[in-house]
Amino acid sequence: MDGDSSGSNIPGHAPGPAVNPQAHAQVQAQAQTQIHANARGSGERSEGVSDPGSQGRPRKFVIQSTFGVPRERRSRKSRPCDACRRRKTACIITTEPPYGPLLRQQSGSEGGSTNSSKPAGADHSFPDSGPGDSGERDATDILASPNTIKSSPRPITSPSNVSVSAASDCSPRPGYGYEASSGSYLSYASPRGRLRLDADASAASMDIVQPTLNSPESSCISGAGSVHTLEDNPGRATYFLGRTAEQDPFVLDAFSYGILSETATVDANVVQLHRGGSDVDDLPLHFLFLSMGHPKHTNETREQASDAIETKVWPHADVLVALYFKHVHPVLPIVSKVRFLRRYAGNRKSIPGCLRGAVYALASVFWAEDPSTRRGDRFPLEQHEIVDQAHRALRREIENPNFFVLQACLLLIHVQPPSIDAMEAPSTFTLSAQATACAQLIGLHQDPGDWNLEIIEKKLRKKLWWAAFVTDCWAAVSHGNPPHIGETSYNTTMLDIDDLRCDEDVPEELQHLVDRSSWSFDVASGARFLETVKITRLLRGVIDSNFQVDTRTADLHQRIASRNQLADIHDKLKDWPSLIPSCLVVSRNREPATSCYNCPLHLTFYATKVLLYRALMHPATKAAKSDPNSNLRQWFPFAIADFLWFTEFFVSINPGDLTGFWGRHARSQLILCGNFLVYLFLMAAEREHIEAAHRMLETFRVKVNNIADTDHVPTRALIRATTIRTNSFFSQAAAVMRHGPEASITEPITICGVDGPIKGQQGTGHIP
């Protein structure tokens, strides 16, 4: 927002050039004298003030001013601040206003003022002013302006705009400028309705968050060419204001103002990150920037969950963090590594408890798989004990979503499922909706390319959006539902390898927290995630063109266009195994005891092929099976050839591969692939196709049962749903094919309880 006090050092106002210390001191002395004169009741215009000790100084001095210069596009000229206008002056001081130190007496960010041993506000008190005097009134009125006190993003200023000392304070730090300090927030609540400086002011029924980081108001000076961050503004939350939000974006662009509480404190502010363009569709983009305050019981629940997580994993937390980045992160690189580790090393509780719990829980599965922790004993607690507390924390922390909370939403989907599941749990779909909502709330569905944001944050925003996109798509596929993210509801551009490289190289002071293999960016990990996103985007093309719910409005031309789009997608995927980088190939001669991180990617590819062929071969009916010109018969040879490659890939999976991280979507992808082999066998019309489909199905059944014969619990949880479907088909196919859909299957049906199959409980079912 544009402030009327153009000389203020509040974030969002442009500071002038740095002045030398002598001129700086002279300005402060003269300005203080002027304030004392005003406090004694002088309402006349004062161009220069002298005192007995100022005989050798000029009565009038010039201060660099921006008065009369337009502030921004479509803005009027700068106006003097309220206090100066009341005094009939035009002293817009861009370097050190007389009342400036009041705002910064706790910030410690003044450039050129470090040689004083006094408190920051000691030389700027008002001993001669009473509560109603003009000196206090001027200062408090200045502070009371919603355009001068801003809850705005913490700016990161270019060193060319500030002095050397200020630049060192404002330069981007690794991990987004996180700094453990004892700085507290400034409050400006006044019982008289005016804003004053108060160290602690909060509503009686609310606990205002007071983290140990620097306040955005007191951390940096915003100048021309400065960039901001929507993250790492402690005690603040940012929410994207879309076109249907509380105000029209063009109105906000032309007239923005602070949102004041009943006690005249600034509750929220609207921050513009993109001014828009000449095109009417290039809208200004705004975020609502507000202070976080929660009821006491909310904070207590969040803290209890956080403490419970740390208590349960003590003293193994450091080992679990290292295991996570060694085993999970290469397959699912959504956590910003350096940012997480820097927070963890400084104060781990500055990371939301839901994310710490998710990291600990996913890593606990690999406790016995890693040589550094393999001692013959199991992890001292069950994964679900950590997951329960992580969800408890997430229930509170999702009220203020940010990068860390979104990462927790995405990771908690991938916890180890129960080994008795016969299908993908519905919670996978509901949790993906939660993650999508978080991503949209913080504006990840908007491309940040032209925003006035720090470059690291832009890259992380893109990476997290596409991680949410992949999760949303595959979670929807697992239950046959349309994705939550609409085809036209986002414009975030495709990420590249440089976006994935961002924040991955661990600095030396943090390397003790992770394994040596995690110290630097893994190109294969980035390429894997990039290919996963590309394949998922093609899958969305398949879903949007052929798996829509309402197809009544599609005319002949639209149907032809959809068929052509499917053919184009087939051409793009046809040579994918030959075009991928060598680091993503699943080698046939790999070490059997070592997990290959590329297996989940190839399974994703074949599951996408399943849906593509089902769309291309639609409709799969008896009439289509007997018609040589049908879609089914035309595309059948291509499907048979492609899934011969799938069976070879699946047979090559060894026990070591199954001990790695596959993610929650792998189970539904295996179900898709296994059922498609059944589809090919049932829909084959020619003898050679029937024999080929049966061989593939038999080979798949043998491999599935071999994998299921293991004591490794994560492997059983991964493979069980596919195993029982494949075995059910072989045990019932003869009767169904002989008697048709009305066949009554008298095979015993096993009833499962919470601890597995219940012995002695059997029934007879009807197979439709």
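Okay, here's what the table says:
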{"item": "Residue within segment 456-469 that is over 21 Å from H286 (Cβ atoms), in contact (Cβ under 8 Å) with a residue 60 or more places away in the chain and either among the acidic types (D, E) or out of contact with any helix residue (DSSP H, G or I) (no Cβ under 8 Å at 6 or more places or on another chain) (or both) present", "result": "yes"}
{"item": "Leading residue by the ranking (surrounded by the most Cβ atoms within 10 Å (Cβ to Cβ)) among those in segment 606-663 that are in contact (Cβ under 8 Å) with a residue 12 or more places away in the chain and of a type in the set (D, E, K, R)", "result": "K609"}
{"item": "Segment 729-741, subset loosely packed, with under 15 Cβ neighbours inside 10 Å and of a type outside the set (A, V, I, L, M, F, W, C), residue nearest to L677 (Cα to Cα)", "result": "S731"}
{"item": "Some residue of segment 333-342 being modelled with pLDDT of 90 or more, among the small types (G, A, S), part of a helix (DSSP H, G or I) and touching a helix residue (DSSP H, G or I) at 6+ places or on another chain (Cβ under 8 Å)", "result": "no"}
{"item": "Odd one out for L677 among (1) within 30 Å of L411 (Cβ to Cβ); (2) without any contact (Cβ under 8 Å) to a residue 60 or more places away in the chain; (3) in contact with a helix residue (DSSP H, G or I) (Cβ under 8 Å, 6 or more places away or on another chain)", "result": "(1)"}
{"item": "Any pair with Cβ under 7 angstrom, 6 or more apart, that starts in segment 244-257 at a residue that is within 11 Å of V270 (Cα to Cα) and ends at one that is modelled with pLDDT of 85 or more and of a type in the set (V, I, T)", "result": "L252/V270; S256/V270"}
{"item": "Boolean, H570 is on the phi < 0 side of the Ramachandran plot and surrounded by fewer than 12 Cβ atoms within 10 Å (Cβ to Cβ)", "result": "no"}
{"item": "Residue list for segment 225-265, restricted to those being among the charged types (D, E, K, R) and more than 27 Å from the chain's Cα centre (by Cα)", "result": "E262"}
{"item": "Segment 298-311 - residue that is crowded, with 19+ Cβ neighbours inside 10 Å and of a type outside the set (A, V, I, L, M) and, of those, nearest to D657 (Cα to Cα)", "result": "S306"}
{"item": "Top-ranked residue of segment 687-707 - restricted to ones that are touching a residue at least 12 places away in the same chain (Cβ under 8 Å) and under 14 Å from F636 (Cα atoms), ranked as nearest to the chain's Cα centre (by Cα)", "result": "A693"}
{"item": "Only listed residue being modelled with pLDDT of 90 or more, surrounded by 15 or more Cβ atoms within 10 Å (Cβ to Cβ), closer than 30 Å to F366 by Cβ and in contact with a Ser or Thr (Cβ under 8 Å, 6 or more places away or on another chain), chosen from T726, T715", "result": "T715"}
{"item": "Residues that are farther than 14 Å from S364 by Cα and among the hydroxyl-bearing types (S, T, Y), drawn from segment 278-329", "result": "S278, S291, T298, T301, S306, T311"}
{"item": "Top-ranked residue of segment 292-309 - restricted to ones that are over 19 Å from I351 (Cβ atoms) and in contact (Cβ under 8 Å) with a residue 40 or more places away in the chain, ranked as nearest to the chain's Cα centre (by Cα)", "result": "G293"}
{"item": "Residues of segment 250-275 satisfying the condition of being of a type outside the set (F, W, Y) and assigned to a helix (DSSP H, G or I)", "result": "V251, L252, D253, A254"}
{"item": "Qualifying residue in segment 507-527 (condition: in contact with a Ser or Thr (Cβ under 9 Å, 6 or more places away or on another chain), touching a residue at least 40 places away in the same chain (Cβ under 8 Å), in a loop (DSSP other than H, G, I, E, B) and not β-branched (V, I, T))", "result": "yes"}
{"item": "Residue match in segment 449-468 (condition: surrounded by fewer than 16 Cβ atoms within 10 Å (Cβ to Cβ) and assigned to a helix (DSSP H, G or I))", "result": "yes"}
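Here's the yes/no breakdown for (1) assigned to a helix (DSSP H, G or I); (2) surrounded by fewer than 24 Cβ atoms within 10 Å (Cβ to Cβ); (3) under 19 Å from the mean Cα position of the chain (by Cα); (4) modelled with pLDDT under 95:
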site: N347; (1), (2), (3), (4): yes, yes, no, yes
site: R356; (1), (2), (3), (4): yes, no, yes, no
site: A368; (1), (2), (3), (4): no, yes, no, yes
site: T373; (1), (2), (3), (4): no, yes, no, yes
site: P380; (1), (2), (3), (4): no, yes, no, yes
site: A390; (1), (2), (3), (4): yes, no, yes, no
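The values are calculated or read from the model by the stated rules, or taken from the named source; none is laboratory data. What you are looking at is a predicted structure, and each value in this text was computed from that prediction instead of being measured. Here the Cβ is made from the backbone with ideal geometry for all residues, glycine too, and neighbour counts use every protein chain on show.
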